[in-house]
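The values are calculated or read from the model by the stated rules, or taken from the named source; none is laboratory data. Note that the structure is a prediction, hence the values are computed from the model and not measured. Counting neighbours? That spans all protein chains shown, and the Cβs are built from the backbone with ideal geometry, glycine included. Please note that ligands, DNA and RNA were not included when accessible areas were found on the heavy atoms of the full protein model with its side chains. Shrake-Rupley method; radii C 1.70, N 1.55, O 1.52, S 1.80 Å.
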Amino acid sequence: MPGMSLINWIVIGVLALLAGVMANWVPRPQWLRNIHLFIALGVLVAATAVMNFVFQSEPDENTTAIGTRELDEEPRPAIATDTYVLRVSRMVDTNDEDKIDLDTGCPGWGDMWPRVGPPRCGELGDVVVDEEGIHTGDDKPRLLLLGRESAGGHTSCLAGLTDESARRVGKLPLASLGVGSEICVKTDFENTGLVRIKDIATDQNGELRELTISYQVWTKR
């Protein structure tokens, strides 16, 4: 029968065995033995039908769980890094250390032209640090600081970055940031990024010196 599992067949076999034993134990006359045999077989058929219906009706827990997880899971990021250090730069020969191009995961550039400084594999910096905080490479409003109660992820960032009423900015002052802060970033290639601050280092004057972050980037669909 379709939908029958191994345990169904085991139970049916046991019932069939019991039916045969019952029929043999019934004393003569023969007609009474036959009646008991037909009753046992009827019970066997009914039990088989009921079990088959129950086993077919019960949801597969594994399938249900997997299906639910797939619905709940967010898409995997195209790029993800657990630790990346950005250092404030005051010199041309270190101006690749304060910027990251989230589209490539490489050190980025500012909007200066001609480009001067160490060669790098990134393009426009999506996150740049300076003494006062962070900003985008071209200062366009593509940063969205999430509240402490918000759970950062692709869904929340995409919604926030596309919401016209959201308070996207081009700069975030150091005073608004802390360890654990989450920042949604709309890259210059329209991808969606999520930056988490893991550590903040300042100098003796309270100015930003180093920012340790993790980030995830989802490509535009």
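So, in the stretch 198-221, exactly how many residues are more than 17 Å from ARG142 (Cβ to Cβ) and touching a Ser or Thr at 6+ places or on another chain (Cβ under 9 Å)? Can you show your working first?
Filtering the stretch 198-221 for residues more than 17 Å from ARG142 (Cβ to Cβ) gives 198-212, 214, 221.
Imposing the further condition that a residue be touching a Ser or Thr at 6+ places or on another chain (Cβ under 9 Å) reduces the set to 198-201, 208-210, 212, 214.
Of the residues in that region, 9 qualify.
Scan the stretch 173-221 residue by residue and report those that are more than 15 Å from THR104 (Cβ to Cβ), surrounded by fewer than 17 Cβ atoms within 10 Å (Cβ to Cβ) and among the hydroxyl-bearing types (Ser, Thr, Tyr).
Hits for the stretch 173-221 are SER176, THR202, THR212, SER214.
Residues in the stretch 168-197 that are over 13 Å from LEU143 (Cα atoms) and of a type in the set (Val, Ile, Thr): how many?
2
Exactly one of (1) part of a loop (DSSP other than H, G, I, E, B); (2) polar (S, T, N, Q); (3) in contact (Cβ under 8 Å) with a residue 24 or more places away in the chain is unmet by THR81. Its number?
Every condition holds for THR81 apart from (1).
Could you go through the stretch 133-144 and let me know if any residue there is over 31 Å from the mean Cα position of the chain (by Cα) and in contact (Cβ under 8 Å) with a residue 60 or more places away in the chain.
Looking for residues that are over 31 Å from the mean Cα position of the chain (by Cα) and in contact (Cβ under 8 Å) with a residue 60 or more places away in the chain, one finds none in the stretch 133-144, hence no.
Only one of (1) part of a helix (DSSP H, G or I); (2) surrounded by fewer than 19 Cβ atoms within 10 Å (Cβ to Cβ) is not met by GLY160, so which one is it?
Condition not satisfied by GLY160: (2).
Looking at the stretch 169-212, which of its residues are free of Cβ contacts under 8 Å to residues at least 12 places away in the same chain, touching a strand residue (DSSP E or B) at 6+ places or on another chain (Cβ under 6 Å) and not in a strand (DSSP E or B)?
The one that is free of Cβ contacts under 8 Å to residues at least 12 places away in the same chain, touching a strand residue (DSSP E or B) at 6+ places or on another chain (Cβ under 6 Å) and not in a strand (DSSP E or B): ASP203.
Take the residues in the stretch 102-118 that are free of Cβ contacts under 8 Å to residues at least 60 places away in the same chain and of a type in the set (D, E, K, R); name whichever of them is nearest to ASN191 (Cα to Cα).
Among those that are free of Cβ contacts under 8 Å to residues at least 60 places away in the same chain and of a type in the set (D, E, K, R), it is ASP111.
Only one residue in ARG87, ARG120, ARG115 is open to solvent by 80 Å² or more (accessible area, probe 1.4 Å), modelled with pLDDT of 95 or more and over 27 Å from the mean Cα position of the chain (by Cα), so which one is that?
Of the residues listed, the single one that is open to solvent by 80 Å² or more (accessible area, probe 1.4 Å), modelled with pLDDT of 95 or more and over 27 Å from the mean Cα position of the chain (by Cα) is ARG87.
Kindly indicate whether any position in the stretch 141-150 is surrounded by fewer than 19 Cβ atoms within 10 Å (Cβ to Cβ) and within 24 Å of GLY110 (Cα to Cα).
yes
Does VAL50 satisfy the criteria of being modelled with pLDDT under 65 and over 25 Å from LYS220 (Cα atoms)?
The answer is yes for VAL50.
Within the bounds of the stretch 124-140, is there any residue that is open to solvent by 70 Å² or more (accessible area, probe 1.4 Å), in contact with a Gly (Cβ under 9 Å, 6 or more places away or on another chain) and either of a type in the set (A, V, I, L, M) or more than 22 Å from THR81 (Cα to Cα) (or both)?
yes
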